[in-house]
Amino acid sequence: MLLILLAVHLLSRNSIAAPLPRPLDARATTDSCNDINNCRTLFSVVWGCLATIFACTWVSVHPNVPPPDQSRLQLFWRRLKMMLIAMIAPEIMVGFAARQYFGSRELVKEFNFSPTHGMFFCMGGFVSSDEHPIATKEQLKDPNFGLKLQKAIQNVKEKDITDKSKGDALTKGVALLQGLWFILQTLARAFQCLAITQLEVATLAFAIVNIFIWLLWWNKPLDVQRRTVVGPPTQLDTENITLPVQLSRLGRFSGAIGGSYGDEYKPLSSVSVPSFWSLTIRNRVDGGDILLFLVGTVFGVIHCAAWNAVFPTHREMWIWRMSALVIIAVPVLTSLIVLMPMGPSVPPDSLLGRVLGIIIILVILIYIAARLILIVLPLAELRCLPASAFVDVNWSTYIPHI
């Protein structure tokens, strides 16, 4: 990111701002506009987009409580990986946040937890005295120690949980305002018929999608690194096993996409919850999955806003259009498969199950390729932007004056 900003800054310094005899929709290789007092540079365009994307991903990502005794480098790498996932497929992060939100609401209704206690429970923040995560409703309903765990969790003060957070309402509010301000700027440019770059369209999609993440994770503590010990041991000392979370690649992938780890993850034989762990909601349609498909479709629709934009080449225009259609179609088709009565019940070892597995893998690869294209193309477009892209919004038109 720093190298990109440095390169753009050097290019913007070498460019000359001069009046253009050509139309506003013509391509320009330098920072130039007709009104010197109402101009912006290539550096300011890129800086505004990258700052918003950073706020939408790094600040909005709220990891689960990590395993104990991890170094700062391991914690940084863990959060960086989640940030990269949020950049390639932000709807996955929305589904993850939605599952934790609906899971915490169930805990509030069923066990009389506060929203903060419920969210801290879903992120693996509570452990028993033998250091096993308390992360399932089965543990809270256990006839031997379930009631003791419930009472011990309720006795934890909400202030003690929020004190562990590295961010507060002000931090989240500033990031939210950054996203809202960028959305307002983009709408103003569209209203004044000024060119909106592909990078700004992609950033707009990130900003709108991450508003859902901020709101869903508003009560989730940020960057908690230490767990809270509550209640008695959850199993006999002779069976006490403490292992890190060890899941297969398929288990980690299915957990990130749908929040289901099957029988691979067992809290009583681990010291932490998986990175995308959330409370499992059964016997009804998962609200997290619905939001995942809905937001994924909205994310693609926003990219289609640049359907009739002026692209550097005709080929790049069609690549953008096809990639935008792909990231719209994939969530729609996936939701149809999930909602089909026979879809989830197809045995994976059957012929139909294998065919569906191959199709799903191909669809995922095509989706990843489309998302990478929609990240690379906006950067490639910076070599030759429309002249009106360097004209800033005239905010005085919105201020009443005589």
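Simple spin-label model, 7 Å along Cα-to-Cβ: V229 to N112 in nm?
Spacing of the two 7 Å Cα→Cβ label points: 2.7 nm.
Once the convex hull of the C-alpha atoms of the range 29-162 is built, how many Å³ does it hold per residue, rounded to a whole number?
About 172 Å³ per residue, rounded to a whole number.
Taking 0.36 nm per intervening residue step and subtracting the Cα-Cα distance, what contour gain separates L80 from V310 on full extension?
Contour length minus Cα-Cα distance gives 79.4 nm.
So if we plug the beta-carbon distance of L170 and I364 into 1/(1 + (r/R0)^6) with R0 = 41 Å, what FRET efficiency do we get, rounded to 0.05?
Using R0 = 41 Å, I get an efficiency of 0.60.
What translational D, rounded to a whole number of µm²/s, comes out for the range 53-117 from Stokes-Einstein when the hydrodynamic radius is the Kirkwood one over Cα pairs, at 25 °C and 0.890 mPa s?
This corresponds to a translational diffusion coefficient of 184 µm²/s.
Based on the Cβ-Cβ distance from T280 to C384, what FRET efficiency comes out when R0 is 51 Å, to the nearest 0.05?
0.50
Arrange the following residues from fewest to most other Cβ atoms within 10 Å of their Cβ: L140, L372.
Exposure proxy ranking, most exposed first: L372, L140.
Given a Förster radius of 56 Å and the C-beta distance between S396 and N144 as r, what FRET efficiency does 1/(1 + (r/R0)^6) yield to the nearest 0.05?
0.20
Would you mind computing, in nm to one decimal, how far apart the modelled labels at A51 and K266 are, each placed 7 Å from Cα along Cα→Cβ?
5.2
Read the figures in this text as sums done on the coordinates, not as results from a lab. From a predicted model like this one, the values you see are computed outputs, not experimental measurements. Glycine gets a Cβ as well: all are built from the backbone with ideal geometry, and neighbour counts include every protein chain shown.
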